[in-house]
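Input: a single structure, listed below in C-alpha cells.
Here, each number is a calculation from the coordinates, and none is a lab measurement. Please read these numbers as outputs of a predicted model, since none were measured by experiment. No Cβ is skipped: glycine too gets one built from the backbone with ideal geometry, and neighbour counts run over all protein chains shown.
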Ligand SMILES: NC(=O)c1ccc[n+]([C@@H]2O[C@H](COP(=O)([O-])OP(=O)(O)OC[C@H]3O[C@@H](n4cnc5c(N)ncnc54)[C@H](OP(=O)(O)O)[C@@H]3O)[C@@H](O)[C@H]2O)c1
C-alpha cells in the first residue's frame, strides 16, 4: 500500500460509541505512533471532541463530510490505510463507505450486526476488494468478536488436545450486565421496519448460512429464529437455556468463519448460541420469564404504534448511551461447550470487563482498527470480506486480552 496521510480514520466519532472509541483510539495511537483522524458530518462537534481527547502522540486531524457523498467517501478513503466506522444503522448509512474502501484498497472495520446488509455488501464488493487488497471486517464489536474468537479459541484447543475440532459448539451467555446506545436501538428499529417492507428480509434473517459464500450455504443447522419461545435443558452445564437476541447474528458470523477458512471446524460443524439461567425450577422460571419478556418486546416493536411510542419515550436517542457508571461496572461471560465426534466435552470461557454495548464494544473496535493498521504484515489473508476470527484471529485475541478487558480460558474440571 502506498504511503497515506493517516493510519486510521475513525468515522462517526461524535456518536455514542464513536466518542468512546475516539478516546480509546487516541490513547492507544499515542502509545504506538499511529496517525489518527476523526471524522463525521458535524465539524463543531468534532472540534469539541478533539479538544477532549487524550494525547495521541501527534496531531489528530478532523475530516468532515456526509456518509452518502460518494466523492467525499472516495477522497477520504484514499487518505487513510484503515477506516473504523460507527456510523449506523449501517444499512442506512454504511454502503458508500464500504464501496469506497473496496475501491481504494483501504482496510475497514465496523460495528454492524445487520446480516442482510452484510450479504448485500459482500455480493457487491467482494471481487473489487480482492483485487485492491482491501480487508473488510464487519462486526468487530460485542457482535460478534467474543463469539467468533471464542469458538476459534475452543477449536484450537480441541485440535491441540485431541487432534480434531469439536463437531458441535454451544455458546451460552451466562452474564450480560450493561446498557445499549441510541444507534443500537436505531438498528433494531430499522430491522423491524425492514421486516415489514423488504420481502427478502425474513428469508435472509432465518438462513443460518446466509453469510457464507455462494455454493457453501448448507450445513446441519436449522433456521435461525429470532426470540423463539424455547427453553431447553443443557445437560452439560446442568442449567436452563433461553433465547439470546443476538444469538442468530453471532451464529451466522461463526458459520461464515468456518466456511471462508475452508472448514477448520469441519463440514458438519453445528453451532448454537443462547442465554443460560441455572438449574432447578427457579432456573426454568427465570428462563421462561426472560423468554416471554423478550417475546413481548419483539411484539411491541413489530406494531408500528407501540414501536413509535417506545422510540419516542423509552429507547435511547442517537448520541445517547449508558452512563459512565454503567459502562464501567458492566461485564459479561460466555461459556462455550464443545462436543468432540466421540462425545468428549470441552469447555471454554470468555469474559469481558465493561458493559458489552458500549465500553467493551468500543475497546474491541479500537483493537481491530489497530490490528488492521499495525499488524498489516502479519495478517495472512488478502483483500475481501472477512470475519474477525478469519482476518485477525489470535492477533486480535492477544490485543483484546491485553488492552480491552477480555479473557479467554479453557475450563478444566477435575
Ligand atoms: N456490534 C455491536 O456490538 C454494537 C454495539 C453498539 C453499537 N453498535 C452499532 O453501532 C452503530 C452506532 O451506534 P451509536 O449508538 O454510536 O450511534 P449514534 O450515537 O446514533 O451515532 C451515529 C454516528 O453517525 C453519525 N452520522 C449519522 N448520519 C450520518 C451521515 N449521514 N453522515 C455522516 N455521519 C453520520 C452521527 O453524527 P452526528 O453526531 O453528527 O449525529 C454519529 O457520529 C449502530 O449501527 C449500532 O447498531 C453495534
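For the residues 362, 380, what sequence is obtained by ranking on other C-beta atoms within 10 Å, fewest first?
Fewest-to-most ranking of 362, 380: 380, 362.
Using the Kirkwood radius over C-alpha pairs as Rh, can you work out the diffusion coefficient of segment 279-323 via Stokes-Einstein at 10 °C, viscosity 1.306 mPa s, in µm² per second?
Once the numbers are plugged in, D ends up at 127 µm²/s.
Quick check: the angle from helix 247-260's long axis to the longest principal axis of the chain, C-alpha only, nearest 10 degrees?
That helix lies at roughly 80 degrees to the long axis.
For the chain, what does the helix formula give at 222 nm: sum of -39500 (n - 2.57) over DSSP H segments with n ≥ 4, over the residue count, nearest 500 deg cm²/dmol?
Calculated at 222 nm, the ellipticity per residue is -14000 deg cm²/dmol.
Taking the chain as the reference, fit the longest principal axis to its C-alpha atoms, fit the long axis of helix 304-313 to the helix C-alpha atoms, and give the angle between the two in degrees, 0 to 90, nearest 10.
Computed tilt is about 60 degrees.
Arrange 327, 256 by Cβ neighbour counts within 10 Å, fewest through most, would you?
327, 256
Which whole-number percent of Cα pairs in the chain have a distance greater than 32 Å?
32
Measure off 7 Å from each Cα along the Cα-to-Cβ vector at residue 313 and residue 225, then give the distance between these two points in nanometres to one decimal.
Each label point lies 7 Å from its Cα, and together they span 3.1 nm.
Sort 290-300, 239-249, 274-284, 399-409 for me by packing, meaning the mean count of neighbouring Cβ atoms within 10 Å per residue, highest on top.
Top to bottom by mean Cβ count within 10 Å: 239-249, 399-409, 274-284, 290-300.
Rounded, prolate or oblate: which fits segment 247-293, taking a ≥ b ≥ c as square roots of the Cα gyration tensor eigenvalues, rounded meaning a/c under 1.5, else prolate when a/b beats b/c?
prolate
Counting only DSSP beta bridges with both residues in the chain, what percent are antiparallel, rounded to the nearest 5?
DSSP beta bridges in the chain are roughly 50 percent antiparallel.
Got a sec? How would 6, 72, 90 order by Cβ neighbour count within 10 Å, fewest to most? Could the numbers behind the result be given before it?
Working: 6 22, 72 19, 90 26.
Result, fewest neighbours first: 72, 6, 90.
Using a 10 angstrom cutoff on alpha carbons, build the Gaussian network for the chain and name the most mobile of 125, 142, 68.
So, out of 125, 142, 68, the one fluctuating most is 68.
Calculate, in nm to one decimal, what residue 78 and residue 4 gain on full extension: separation in residues at 0.36 nm each, minus their alpha carbon distance.
25.9 nm
Of all alpha-carbon pairs in segment 289-414, indicate the percentage at a distance above 17 angstrom.
Numbers: 5694 of 7875 pairs.
In whole percent, the share of Cα-Cα pairs in segment 289-414 beyond 17 Å is 72.
Of the peptides 9-21, 336-348, 148-160, how do they stack up when ordered by the mean number of other Cβ atoms within 10 Å, highest first?
Highest to lowest by the protection proxy: 9-21, 148-160, 336-348.
What does the extension gain come out to for residue 196 and residue 285, with contour length at 0.36 nm per residue minus their alpha carbon separation? Before the final figure, lay out the partial values.
Values: separation 89, 0.36 × 89 = 32.04 nm, distance 3.25 nm.
Fully extending the segment from residue 196 to residue 285 adds 28.8 nm.
Quick check: from the Cα gyration tensor, does segment 139-235 come out rounded (a/c under 1.5), prolate or oblate?
Prolate, since a/c reaches 1.5 and a/b exceeds b/c.
How long is segment 340-414 along each principal axis, judged by its Cα atoms, biggest number first, in Å?
Extents along the principal axes: 42, 30, 19 Å.
Apply the Debye scattering formula to segment 1-108, with a single equal point scatterer on each alpha-carbon and no solvent, then give log10 I(q)/I(0) at q = 0.15, 0.19, 0.21 Å⁻¹.
Normalising to I(0) and taking log10 leaves -0.55, -0.89, -1.09.
Rounded if a/c is under 1.5, else prolate if a/b beats b/c, else oblate: with a ≥ b ≥ c from the C-alpha gyration tensor eigenvalues square-rooted, which is segment 156-210?
oblate
Take every Cα pair under 8 Å in the chain that's 6+ residues apart, average their separations, divide by the length, and report that relative contact order as a whole percent.
Working: 878 pairs, mean separation 88.0, N = 414.
After rounding, I find 21 percent.
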